[in-house]
1. Out of region 327-386, which residues are farther than 23 Å from W69 by Cβ, assigned to a helix (DSSP H, G or I) and not acidic (D, E)?
2. Is there any pair linking a residue in region 192-213 that is closer than 25 Å to D22 by Cα to one that is more than 9 Å from the ligand (Cβ to nearest atom) and part of a strand (DSSP E or B), with Cβ under 6 Å and at least six apart or on different chains, and which?
3. Quick check, is E257 modelled with pLDDT of 95 or more and of a type in the set (D, E)?
4. With Q188, Q176 as the choices, which residue is away from the ligand (no atom under 11 Å from the Cβ) and under 19 Å from the mean Cα position of the chain (by Cα)?
5. Being under 25 Å from the mean Cα position of the chain (by Cα) and modelled with pLDDT of 95 or more is the requirement here; does R349 meet it?
6. Looking at region 201-218, is at least one residue among the aliphatic types (A, V, I, L, M), modelled with pLDDT of 95 or more and within 11 Å of the ligand (Cβ to nearest atom)?
7. Looking at region 235-248, which of the residues that are of a type in the set (A, V, I, L, M, F, W, C) and in a helix (DSSP H, G or I) is nearest to the chain's Cα centre (by Cα)?
8. Can you pull out every residue in region 265-291 that is more than 14 Å from the ligand (Cβ to nearest atom) and either assigned to a loop (DSSP other than H, G, I, E, B) or buried (at least 18 other Cβ atoms within 10 Å of the Cβ) (or both)?
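The values are calculated or read from the model by the stated rules, or taken from the named source; none is laboratory data. All values reported here derive from a predicted model rather than from experimental measurement. With ideal geometry, Cβ positions are generated from the backbone for all residues, glycine too; neighbour counts draw on all protein chains shown.
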Amino acid sequence: MTEEAGTGDQTTEAEPTGDPADLMERIVNLAKRRGFIFPSADIYGGFRSTYDYGPLGVLLLRNVKDAWWRSMVQLRHDVLGLDAAILSAPRIWEASGHLANFTDPLVDCRNCHERWRADKIGDSCPNCGSADLTEPRAFNLMFKTFAGPVEEDATVAYLRPETAQGMFVNFANVLQTSRKKPPFGIAQVGKSFRNEITPQNFVFRTREFEQMEMEYFVPPDEADHWFRYWLTERFNWYLDLGIPEEKLRLRHHATDELSHYSSGTADVEFLFPWGWDELEGIANRGNFDLTAHAEASGEKLEYFDQATGERYVPHVIEPAAGATRTMMAFLLAAYHEDEVGGEARSVLRLDPRLAPYQVAVLPLSKKDTLEPTALEVLGLLQPVCMCDYDTTQSIGKRYRRQDEVGTPYCVTVDFDTLEDRAVTVRDRDTTEQVRVPIDSLVAEIRGRLGR
Ligand code: ATP
């Protein structure tokens, strides 16, 4: 029986592809073929591990960022948003310690002249195997540029290597304008830039990427409590959006791994095809950042509690996540291969909140007679969610195309629709199909999407 007959087919899970390299290859391939992620400057042969997000990638990435914003800002009363400048003053990075310390240990292979991050390789060159490596030297990861027409020391500016400093330097501005009282947070989503020595693993590590960071300012004696609170909150965010529990873990840093100012750091890690690796770091940063900027700027960065007469420098809990890296983890976790009615398919089982399109409207045939009704249905659904509209190829092929990009629901307009004003709604995961009157379609889709 084909799906065109109008009923759902049995799905059976195929054996997972055993080879991790294979999974990465499939994802990279799918990302390019279906318009999620293209190599940047593709027509010129690509540009140094930079990537462009295509029509589907921009939707998925935006949904990841929106889901973060919703949970971190919209659904709370104690966190405010910010969008600070990317181009930033050297004094910020001097005070934060980035100019002196934001370095990776760089080694050169004397044999093949490749360069590596010493802490990420063993005693030999991963390219040629030679053990003839130079002594590590500190390489600063910040991109330096010039603000203004003259290239001189006075005009030096940096592309921010993290969004966090924007929150620290605006602490007093936000406190005064919002009248919040610790505990409260400032959240920001945006681009950051690091001149990584070895960008790698597709968009896992790139020189230009997006972060989702929040600085939560708390009374000093509450820092431990809030650190533990944010560990749980952040871990659950990934679970809630569909990362399976067995692919997620919280790894506490050992004491010798901690930055000198941090009294606790834990990473949320995902089981990538190459092993466990970081999605997000959650750190108890003490009062290091506010104190450093207060000293360097001469501004008071503290909280004065008028009720108690108490004055203190808040401590900071920082959940710092990567949006682009997290998007890739969602893609990897969602990718499945199964069989529908004896035919192999690949399907992205993305949470509907993350899927690029929530609904695809598909007129059964290209004949003009179906188009007005199909466009009417599309017009009803577009205000509710992101919709695709596809008229090409057979309906079975179009279902597969939507499965492959994670669209949870297909709405098919057929010749019966012209008689009974009803459409077929097909579910991506079960492939079950039900007939729904157009008049109740919006309510049906809203109900399924929980909107
Ligand atoms: P790493 O040790 O992997 O270089 P980090 O611990 O320095 O990363 P943070 O400074 O804590 O990373 O940044 C917070 C988050 O930003 C990371 O967990 C990651 O998701 C993301 N991130 C950092 N660097 C990159 C990068 N080069 N490309 C993509 N995402 C990144």
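1. Going through region 327-386, the residues farther than 23 Å from W69 by Cβ turn out to be 335-347, 349, 360-381.
Right, trim to assigned to a helix (DSSP H, G or I) and you get 368-381.
T369, L370, P372, T373, A374, L375, V377, L378, G379, L380, L381, listed by residue number.
2. Note: pairs meeting the criteria are V203/Y51.
3. Details: modelled with pLDDT of 95 or more: no; of a type in the set (D, E): yes.
So E257 does not fit the description; no.
4. Details: Q176 fails: under 19 Å from the mean Cα position of the chain (by Cα).
Matching residue, one of Q188, Q176: Q188.
5. Taking the combined requirement at face value, the residue satisfies it.
6. Yes: region 201-218 contains one or more residues that are among the aliphatic types (A, V, I, L, M), modelled with pLDDT of 95 or more and within 11 Å of the ligand (Cβ to nearest atom).
7. First, the residues of region 235-248 that are of a type in the set (A, V, I, L, M, F, W, C): 235, 237, 239, 241, 243, 248.
Restricting the remaining residues to those that are in a helix (DSSP H, G or I) gives 235, 237, 239.
Numbers: F235: 14, W237: 12, L239: 14 Å.
My answer is W237.
8. Scanning region 265-291 gives L271, P273, G286, N287, F288, L290.
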